[in-house]
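Q: Following this message is one structure expressed as structure tokens.
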Amino acid sequence: MKQREREELKGRVLCAAVLEKAGFAIDLKESTRRAVKHRRGSDIIIVIHEGRGWFDPLSDAKGDVFSLIQHLDGVAFTDVLVRAAELAGFQAAEPIWQSPRMQRPIVSLAERWRARRDLRPGSATWRYLRQERHLPESVLRAGTRQYRLREGPHGSLWAAHVDDGGIVTGWEERGPQWRGFSTGGMKVLFRLGAPDALRFCITEAAIDAMSLAALEGLREGSLYLSTGGGWSPATDAAVRTLATRPGAQLVAATDANSQGEAFAGRLREIAETADCDCIRLTPLADDWNEALKEKAREEQERRNGRRDLPHTRRPHQG
């Protein structure tokens, strides 16, 4: 097949078609119009560039539709062309977004972030974090002081991702019935703790980063980080920058599952390249917030047990 014919074939096959045929499904809650997340078990592929490009957030793999077929099937390039030709004209399922695309005034990320209120005691977001997530006031106040937390709509939390200069690049959105990432934002790292830290605890969600901080009592010299559930090139670069600090230690505090182990493997590779220390810290539950809630339940049971003890009576004095 000539180069011109290959380019024509590439233009007729979208990455979404390859993924749908391979058994992947769209994760609408974790997707945006510019980056659509596809899942198959623990496998994740993010489709970008209007369906023409892709990357694997758990590895360095990325490319066009031909390289995607090769990545999934492990076949020679001649077989890649055959399989792509079989998909030419195949129409993959389109994501159904919750609201139609509308022409709206362009508002910068910084303006959208500043427009939201700081986290306040007694608000719906505060109650969600305290009562449902069992996050202590000390951690919530620390996040607010560092301008990392805002109140989103309907009692949700906005947790800022910032670059090395502290500029907000986007935010994780988490509430009682909603989870996502800011439209048009970029995942880098959520950061909570000492800016000059040497111990870097990397989790997969801001809620987990704050939960680990709570379990450790905001350990001195530690920075609690979240990748926002993915591993973008910007996240990779930010972690590598932190790893180059003299005396740095990477703490792979990712979830206790296969995806968490995959992220931990990436952190070990970064540590080896930067020649810094790396340890694995695994939650006793599926994630750090579940571990925090389990600790809260145990403490409540102990308190209830003490209240249930029979009261002693003073001897009668006649």
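Q: What pairs come out if I take residues in segment 244-267 that are farther than 15 Å from Gly230 by Cα and touching a residue at least 40 places away in the same chain (Cβ under 8 Å) and pair them with residues that are of a type in the set (Phe, Trp, Tyr) and assigned to a loop (DSSP other than H, G, I, E, B) whose C-beta lies under 8 Å away, six or more apart or interchain?
A: Close Cβ pairs (under 8 Å, with a partner that is of a type in the set (Phe, Trp, Tyr) and assigned to a loop (DSSP other than H, G, I, E, B)) do not exist here.
Q: (1) charged (D, E, K, R); (2) touching a Phe, Trp or Tyr at 6+ places or on another chain (Cβ under 6 Å); (3) free of Cβ contacts under 8 Å to residues at least 12 places away in the same chain: which one isn't true of Asp196, the others all being true?
A: (2)
Q: If I filter segment 246-265 for residues that are in a helix (DSSP H, G or I), over 18 Å from the mean Cα position of the chain (by Cα) and not hydrophobic (A, V, I, L, M, F, W, C), do I get at least one hit?
A: From segment 246-265, those in a helix (DSSP H, G or I) are 258-265; that's our starting set.
Now restrict to residues that are over 18 Å from the mean Cα position of the chain (by Cα): none.
No, there is no match, as no residue in segment 246-265 is in a helix (DSSP H, G or I), over 18 Å from the mean Cα position of the chain (by Cα) and not hydrophobic (A, V, I, L, M, F, W, C).
Q: A further question follows. Sort out for me the strands (runs of 3 or more DSSP E) sitting completely within segment 34-78 that have 2 or more residues that are of a type in the set (A, V, I, L, M, F, W, C). Break it down into steps so the answer makes sense when it comes.
A: On the way: elements: 36-40, 43-48, 53-55.
Correct list: 43-48, 53-55.
Q: On the basis of being in contact with a His (Cβ under 8 Å, 6 or more places away or on another chain), at positive phi and open to solvent by less than 30 Å² (accessible area, probe 1.4 Å), does Gly155 make the cut? So that I can check it myself, show each step before the final result.
A: Working: in contact with a His (Cβ under 8 Å, 6 or more places away or on another chain): no; at positive phi: yes; open to solvent by less than 30 Å² (accessible area, probe 1.4 Å): yes.
Spelling it out, it is not the case that Gly155 is in contact with a His (Cβ under 8 Å, 6 or more places away or on another chain), at positive phi and open to solvent by less than 30 Å² (accessible area, probe 1.4 Å).
Q: Oh, and also: Taking segment 164-177 as the search range and keeping residues that are touching a helix residue (DSSP H, G or I) at 6+ places or on another chain (Cβ under 7 Å) and open to solvent by 40 Å² or more (accessible area, probe 1.4 Å), which one is modelled with the lowest pLDDT?
A: If we take residues in segment 164-177 being touching a helix residue (DSSP H, G or I) at 6+ places or on another chain (Cβ under 7 Å) and open to solvent by 40 Å² or more (accessible area, probe 1.4 Å), then Pro176 is modelled with the lowest pLDDT.
Q: Just the residues that are in contact (Cβ under 8 Å) with a residue 40 or more places away in the chain, buried (at least 18 other Cβ atoms within 10 Å of the Cβ) and in contact with a helix residue (DSSP H, G or I) (Cβ under 7 Å, 6 or more places away or on another chain), please, taken from segment 52-64.
A: Leu58
Q: Search segment 157-172 for residues that are under 29 Å from Arg127 (Cβ atoms) and pair each with any residue that is of a type in the set (S, T, N, Q) when their beta-carbon atoms are under 6 Å apart and the residues are at least 6 apart or on different chains.
A: The qualifying pairs are Leu157/Thr125; His161/Thr169; Gly170/Ser182; Trp171/Ser182.
Q: Checking the condition more than 18 Å from the chain's Cα centre (by Cα) and basic (Lys, Arg), which residue from Arg148, Arg179, Arg199 passes?
A: On the way: Arg148 fails: more than 18 Å from the chain's Cα centre (by Cα); Arg179 fails: more than 18 Å from the chain's Cα centre (by Cα).
None of the other options fit; the residue is Arg199.
Q: Could I ask something else about it? Where in segment 175-228 are there strands (runs of 3 or more DSSP E), lying fully within it, with 1 or more residues that are in contact with an Asp or Glu (Cβ under 7 Å, 6 or more places away or on another chain)?
A: On the way: elements: 178-181, 189-193, 199-203, 222-226.
Result: 178-181, 189-193, 222-226.
Q: Tell me whether segment 90-102 contains one or more residues that are modelled with pLDDT under 90, assigned to a loop (DSSP other than H, G, I, E, B) and touching a Cys at 6+ places or on another chain (Cβ under 9 Å). Spell out how you get there, then give the answer.
A: Just the residues of segment 90-102 that are modelled with pLDDT under 90, to begin with: 90-102.
Add one more test, that the residue is assigned to a loop (DSSP other than H, G, I, E, B), and what stays is 90-102.
Next, from what is left, pick out any that are touching a Cys at 6+ places or on another chain (Cβ under 9 Å): 92.
So far as segment 90-102 goes, yes, one or more of its residues are modelled with pLDDT under 90, assigned to a loop (DSSP other than H, G, I, E, B) and touching a Cys at 6+ places or on another chain (Cβ under 9 Å).
Q: Still on this structure, please answer the following. Does Ala237 satisfy the criteria of being under 16 Å from the mean Cα position of the chain (by Cα), farther than 16 Å from Ser138 by Cβ and surrounded by fewer than 21 Cβ atoms within 10 Å (Cβ to Cβ)? If you could, list the steps in order and put the result at the bottom.
A: Working: under 16 Å from the mean Cα position of the chain (by Cα): yes; farther than 16 Å from Ser138 by Cβ: yes; surrounded by fewer than 21 Cβ atoms within 10 Å (Cβ to Cβ): yes.
Yes; evaluated as a whole, the condition is true for this residue.
Q: Follow-up. So Gly260 ticks every box in (1) open to solvent by 10 Å² or more (accessible area, probe 1.4 Å); (2) within 26 Å of Tyr128 (Cβ to Cβ); (3) at pLDDT below 95 but one. Which box is left unticked?
A: Only one criterion is unmet by Gly260, namely (1).
Q: Then there is this: Search segment 2-39 for residues being in contact with a Gly (Cβ under 8 Å, 6 or more places away or on another chain) and open to solvent by 70 Å² or more (accessible area, probe 1.4 Å), and hand back the single one that is farthest from Thr78 (Cα to Cα).
A: Among those that are in contact with a Gly (Cβ under 8 Å, 6 or more places away or on another chain) and open to solvent by 70 Å² or more (accessible area, probe 1.4 Å), it is Lys29.
Q: In segment 81-93, is there at least one residue being free of Cβ contacts under 8 Å to residues at least 60 places away in the same chain, open to solvent by less than 20 Å² (accessible area, probe 1.4 Å) and on the phi < 0 side of the Ramachandran plot?
A: The answer is no; no qualifying residue exists.
Q: Which residues, counting only those in segment 125-152, are surrounded by fewer than 16 Cβ atoms within 10 Å (Cβ to Cβ) and among the β-branched types (Val, Ile, Thr)?
A: none
Q: Within segment 295-309, does at least one residue satisfy the condition of being more than 17 Å from Leu135 (Cβ to Cβ), modelled with pLDDT under 95 and open to solvent by less than 80 Å² (accessible area, probe 1.4 Å)? Steps first, answer last, please.
A: Filtering segment 295-309 for residues more than 17 Å from Leu135 (Cβ to Cβ) gives 301-309.
If we keep only those that are modelled with pLDDT under 95 too, we end up with 301-309.
Restricting the remaining residues to those that are open to solvent by less than 80 Å² (accessible area, probe 1.4 Å) gives 304-305.
So far as segment 295-309 goes, yes, one or more of its residues are more than 17 Å from Leu135 (Cβ to Cβ), modelled with pLDDT under 95 and open to solvent by less than 80 Å² (accessible area, probe 1.4 Å).
The values are calculated or read from the model by the stated rules, or taken from the named source; none is laboratory data. Only a predicted model underlies this, so the values are computations on that prediction, with no experimental measurement involved. Using ideal geometry, Cβ is built from the backbone for each residue, glycine included, and neighbour counts are taken over all protein chains shown. The area values use the complete protein model at the heavy-atom level, side chains included, leaving out ligands, DNA and RNA. Shrake-Rupley method; radii C 1.70, N 1.55, O 1.52, S 1.80 Å.
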